[in-house]
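A.B. asks: There's a structure below that I have some questions on.
The values are calculated or read from the model by the stated rules, or taken from the named source; none is laboratory data. Please read all numbers here as calculations on a predicted model, not as lab measurements. Cβ atoms come from the backbone with ideal geometry, glycine included; neighbour counts cover every protein chain shown.
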Amino acid sequence: MSEKHLFYDKEIVRQKQHEYIQALLEKYKNDPVTDELKQKIYDELCEERFKGNISIPFQIIVKRDNSGIHHDYIEVLLDTRV
């Protein structure tokens with residue numbers, strides 16, 4: 001059963017929105033990690049929020065590994081405190 005929460009009086013079903021965002025961003029999985037890609041993802045998520053498809057607060061972070069052991073990646077953090 002999904003947990004429902006309110007954020008600014010708008011109902012949020014975390015799992016449903018998480019799955020929607022994952023599917024939305026799947027197309028970027030093979031793109032190189034750049035600041036431009038981070039901005040593109042941010043813009044797309046903002047557009048989806050404007051359309052009403054997502055409402056959960058999010059933050060986008062670029063994780064870089066200077067040692068070269070791990071791949072760089074972009075992480076979308078969903079605010080789970082709502």
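A.B. asks: Please verify whether L45 is out of contact with any Ser or Thr (no Cβ under 7 Å at 6 or more places or on another chain) and touching a residue at least 60 places away in the same chain (Cβ under 8 Å), treating the condition exactly as stated. Walk me through it before giving the result.
C.D. replies: Working: out of contact with any Ser or Thr (no Cβ under 7 Å at 6 or more places or on another chain): yes; touching a residue at least 60 places away in the same chain (Cβ under 8 Å): no.
No: the conditions fail for L45.
A.B. asks: Would you pick out the residues in the range 29-39 that are surrounded by fewer than 14 Cβ atoms within 10 Å (Cβ to Cβ) and not charged (D, E, K, R)?
C.D. replies: Taking the range 29-39 and keeping what is surrounded by fewer than 14 Cβ atoms within 10 Å (Cβ to Cβ), we get 29-32, 34-36, 39.
Those that are surrounded by fewer than 14 Cβ atoms within 10 Å (Cβ to Cβ) and not charged (D, E, K, R): N30, P32, T34, Q39.
A.B. asks: Looking at N66, is it at negative phi, modelled with pLDDT under 90 and not small (G, A, S)? Walk me through it before giving the result.
C.D. replies: Details: at negative phi: yes; modelled with pLDDT under 90: yes; not small (G, A, S): yes.
The answer is yes for N66.
A.B. asks: Taking Y42, is it aromatic (F, W, Y), in contact with a strand residue (DSSP E or B) (Cβ under 9 Å, 6 or more places away or on another chain), part of a helix (DSSP H, G or I) and surrounded by 13 or more Cβ atoms within 10 Å (Cβ to Cβ)?
C.D. replies: Details: aromatic (F, W, Y): yes; in contact with a strand residue (DSSP E or B) (Cβ under 9 Å, 6 or more places away or on another chain): yes; part of a helix (DSSP H, G or I): yes; surrounded by 13 or more Cβ atoms within 10 Å (Cβ to Cβ): yes.
Answer is yes for this residue.
A.B. asks: For the range 45-68, what are the residues that are closer than 18 Å to Q15 by Cβ and in a helix (DSSP H, G or I)?
C.D. replies: Those that are closer than 18 Å to Q15 by Cβ and in a helix (DSSP H, G or I): L45, E48, R49.
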